[in-house]
Protein chains: 2
Amino acid sequence: MPGRYFEDYAVGQKFGSGTATMNAERMKAFAREFDPQPFHTDEEAARHTFFGGLVASGWHTAAMSMRLFVESDITPVGGSIGAGGSDLSWPRPTRPGDVLRIESEVLDLRPSKSRPTIGIMKVKLTTYNQANEVAQIAYPAMIVPRRPAK
Amino acid sequence: MPGRYFEDYAVGQKFGSGTATMNAERMKAFAREFDPQPFHTDEEAARHTFFGGLVASGWHTAAMSMRLFVESDITPVGGSIGAGGSDLSWPRPTRPGDVLRIESEVLDLRPSKSRPTIGIMKVKLTTYNQANEVAQIAYPAMIVPRRPAK
């Protein structure tokens, strides 16, 4: 897997991914460690909350989306490295048994002025569930190495 | 822990937190599950990357920040529920042994027009390491119940 240089991307390119299934036990364990709130840790308590049932921590959905992204075809050389701001939203919660996949689209490509060896690639990363409903939208700006001169 | 209603917050209020230490083994396990890249999973391989050593997945830093936030004094009644957009950035990576804490500041309070029982509270959530360097900045918009009429 050699990976792509900045010059190998074009605005409008899209990349799909495999899928990942959200498991209730893993959802609750993640939440006990990182987001200990009743709607994330306990089915019965969750019924009486805003969500009406167990939902994944948004950070679990985000982390799963990252794995799908890292394992997808977008593969920048040197890895998937965030450069900063990533507006992040969760239009709907993720529930046990949901099957997630992501789609990434290249929105913008800008060579760095201060660092001639890299470029900044802005991506729209959308996470879908099995009903093709949007579970998360993120806009990562990624650091991508430029192709070295021969 | 009764929790605070929308009316109990004021713009400019700040809330601190306890601390959490980033552990190398947990960092690598998180990354194997969610962000399998050499700079997150293997000290030796990480030395030869952009980061020059093992760093936590940004999503691990985000998840730890969430736990510090949930356990902090901000405690909205009904829980810490994100309403949507949260601009997220990682000015510097988190490394093994780093001790994180967060500070949250209320930036804006806006009653919902469409749902009279809730308000939206915009917060700046800053994650610091033990040297008081900023490891993460996020701007969550939170759903907070309004105090019921008597």
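The values are calculated or read from the model by the stated rules, or taken from the named source; none is laboratory data. Every value quoted in this text rests on a predicted model; they were computed, and no experiment measured them. Reconstructed Cβ throughout: ideal geometry from the backbone, glycine too, with neighbour counts over all protein chains shown.
Tell me, yes or no, whether region B:65-85 has at least one residue that is of a type outside the set (Asp, Glu), part of a strand (DSSP E or B), modelled with pLDDT of 95 or more and more than 20 Å from A:Gln136 (Cα to Cα). Please lay out each step first, then the result.
Within region B:65-85, the subset of a type outside the set (Asp, Glu) is B:65-70, B:72, B:74-85.
From what is left, the residues that are part of a strand (DSSP E or B) are B:76, B:82.
Within this subset, residues satisfying the condition of being modelled with pLDDT of 95 or more are none.
No: zero hits.
Scan (1) within 13 Å of chain A (Cβ to nearest Cβ); (2) surrounded by fewer than 16 Cβ atoms within 10 Å (Cβ to Cβ); (3) among the small types (Gly, Ala, Ser) for the single condition B:Ser112 breaks and write down its number.
Only one criterion in (1) within 13 Å of chain A (Cβ to nearest Cβ); (2) surrounded by fewer than 16 Cβ atoms within 10 Å (Cβ to Cβ); (3) among the small types (Gly, Ala, Ser) is unmet by B:Ser112, namely (1).
Of (1) without any contact (Cβ under 8 Å) to a residue 40 or more places away in the chain; (2) under 29 Å from A:Gly78 (Cα atoms); (3) more than 11 Å from every other protein chain (Cβ to nearest Cβ); (4) among the hydroxyl-bearing types (Ser, Thr, Tyr), B:Thr127 satisfies all except one. Which?
(1)
Just for region A:72-85: of the residues that are touching a Ser or Thr at 6+ places or on another chain (Cβ under 6 Å) and more than 8 Å from chain B (Cβ to nearest Cβ), which one is nearest to A:Asp8 (Cα to Cα)? Working first, answer last.
Applying the first criterion (touching a Ser or Thr at 6+ places or on another chain (Cβ under 6 Å)) to region A:72-85 yields A:72, A:74, A:84-85.
Keeping just the survivors that are more than 8 Å from chain B (Cβ to nearest Cβ) gives A:72, A:74.
Working: A:Ser72: 16, A:Ile74: 10 Å.
Of everything passing the filter in region A:72-85, A:Ile74 is nearest to A:Asp8 (Cα to Cα).
Identify, from the list A:Leu54, A:Leu107, A:Leu88, the residue that is under 21 Å from A:Gly16 (Cβ atoms) and modelled with pLDDT of 95 or more.
Result of the check over A:Leu54, A:Leu107, A:Leu88: A:Leu107.
Among the residues of region A:121-150, how many are out of contact with any strand residue (DSSP E or B) (no Cβ under 7 Å at 6 or more places or on another chain) and within 18 Å of A:Leu109 (Cβ to Cβ)? Write out each step before concluding.
Start the filter on region A:121-150 by keeping residues that are out of contact with any strand residue (DSSP E or B) (no Cβ under 7 Å at 6 or more places or on another chain), which leaves A:131-133, A:147-150.
This time we only want the ones that are within 18 Å of A:Leu109 (Cβ to Cβ), so: A:147-148.
So the count comes out to 2.
Report, by residue number, each residue of region B:126-138 that is touching a Leu at 6+ places or on another chain (Cβ under 9 Å), within 14 Å of B:Phe69 (Cβ to Cβ) and either of a type outside the set (A, V, I, L, M) or surrounded by 21 or more Cβ atoms within 10 Å (Cβ to Cβ) (or both).
Taking region B:126-138 first, the residues touching a Leu at 6+ places or on another chain (Cβ under 9 Å) are B:127-130, B:135-138.
Then drop every residue that is not within 14 Å of B:Phe69 (Cβ to Cβ), which leaves B:127-128, B:135-138.
Answer for region B:126-138, where residues must be touching a Leu at 6+ places or on another chain (Cβ under 9 Å), within 14 Å of B:Phe69 (Cβ to Cβ) and either of a type outside the set (A, V, I, L, M) or surrounded by 21 or more Cβ atoms within 10 Å (Cβ to Cβ) (or both): B:Thr127, B:Tyr128, B:Ala135, B:Gln136, B:Ala138.
Any idea which of B:Ala56, B:Ala20 is touching a Leu at 6+ places or on another chain (Cβ under 6 Å) and either more than 15 Å from A:His60 (Cα to Cα) or facing chain A (nearest Cβ under 7 Å) (or both)?
Working: B:Ala56 fails: touching a Leu at 6+ places or on another chain (Cβ under 6 Å).
B:Ala20 is the lone residue from the list that is touching a Leu at 6+ places or on another chain (Cβ under 6 Å) and either more than 15 Å from A:His60 (Cα to Cα) or facing chain A (nearest Cβ under 7 Å) (or both).
When residues of region B:86-109 are filtered for being part of a loop (DSSP other than H, G, I, E, B) and within 12 Å of chain A (Cβ to nearest Cβ), how many remain? Write out each step before concluding.
Start the filter on region B:86-109 by keeping residues that are part of a loop (DSSP other than H, G, I, E, B), which leaves B:90-98.
Cutting the leftovers down to within 12 Å of chain A (Cβ to nearest Cβ) gives us B:90-93.
Going through region B:86-109 one residue at a time, the tally reaches 4.
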